[in-house]
1. Given a 1.4 angstrom probe, what's the average accessible area per residue across the chain, in square angstrom?
2. Hey, what number do you get for the chain at 222 nm if only DSSP H runs of n ≥ 4 count, each worth -39500 (n - 2.57), divided across all residues, to the nearest 500?
3. May I ask you to give the percent of accessible area on region 1-139 that is carbon plus sulfur, with a probe radius of 1.4 Å?
4. Expressed as a fraction of 2.2 N^0.38 Å, the rule-of-thumb size for a compact globular protein of N residues, what is the C-alpha radius of gyration of region 54-138?
5. Once the convex hull of the C-alpha atoms of region 88-159 is built, how many Å³ does it hold per residue, rounded to a whole number?
6. Only Lys, Arg, Asp and Glu count, each charged at its Cβ (+1, +1, -1, -1), so figure out the dipole size of region 1-129 about its Cα centre, rounded to 20 debye.
7. Nearest 20 debye, what's the magnitude of the dipole of region 59-159 about its Cα centre given +1 on Lys and Arg Cβ and -1 on Asp and Glu Cβ?
8. Sequence-distant or interchain residues sharing an amide H contact under 5 Å with ALA40, placed H: which?
Amino acid sequence: MTRRDKTNYYLDIADTVLERSTCLRRKYGAIIVSNDEIVATGYNGAPRGRKNCIDIGVCTRETLEIPAGERYELCRSVHAEQNAIISASRRDMLGATLYLVGRDAKDDAMIDASSCTMCRRLIINSGITDVVSRRADGKFDRARVRDWVMSDDSVAAGV
């Protein structure tokens, strides 16, 4: 019998968290871990008190055929990373790792999980230092948040 390594253990928990997702397009689960303890969890879904896409049966971005990664302002959902971050205190996130897993909502296939630009901004400000994302092939990538700061993609080149 082999014991599951910690990285995949936490990614497996994030994979379970995404089962609460209410998105018709993509399901994401995130957990924040600090000092080997889970600080917060999050999944993508409408803000508290509002109807979820699964409840109304419509995804506006899908209806308008908007490609992945674009026009998030039209989406009803709060992202998994955002929900995890707002559920934790900043002092608990300083130096923490965020684990992220995504699946296609239609066929439940694993997808390459990655944080959008908006979520990266929140992660940077939260004090989280690493983001570990599961890929479609079951392996994972580790991103250093400091690298996101140093390669600021929000500023046009030459400005």
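1. On the way: 9510 Å² over 159 residues.
Spelled out: the 1.4 Å probe surface of the chain, per residue, equals 60 Å².
2. Numbers: 7 runs with 47 residues, N = 159.
Result for the chain: -7000 deg cm²/dmol, rounded to the nearest 500.
3. Details: 3610 of 7810 Å².
The value for region 1-139 is 46 percent carbon and sulfur by accessible area.
4. Numbers: Rg = 14.2 Å, N = 85, 2.2 N^0.38 = 11.9 Å.
Dividing the Cα radius of gyration by 2.2 N^0.38 Å gives 1.20.
5. Details: hull volume 8.3 nm³, N = 72.
With only Cα atoms used, region 88-159 gives 115 Å³ per residue.
6. On the way: 19 positive and 17 negative charges, 79 e Å.
So the dipole magnitude of region 1-129 works out to roughly 380 debye.
7. Details: 15 positive and 16 negative charges, 78 e Å.
For this selection, approximately 380 debye.
8. The answer is ILE32.
The values are calculated or read from the model by the stated rules, or taken from the named source; none is laboratory data. Computed from a predicted model, the values in this text were never measured in an experiment. Methodologically, a virtual Cβ is constructed for each residue, glycine included, from the backbone with ideal geometry; neighbour enumeration extends over all protein chains shown. Just so you know, the surface numbers come from the protein's heavy atoms only, side chains and all, with ligands and any DNA or RNA stripped out. Shrake-Rupley method; radii C 1.70, N 1.55, O 1.52, S 1.80 Å.
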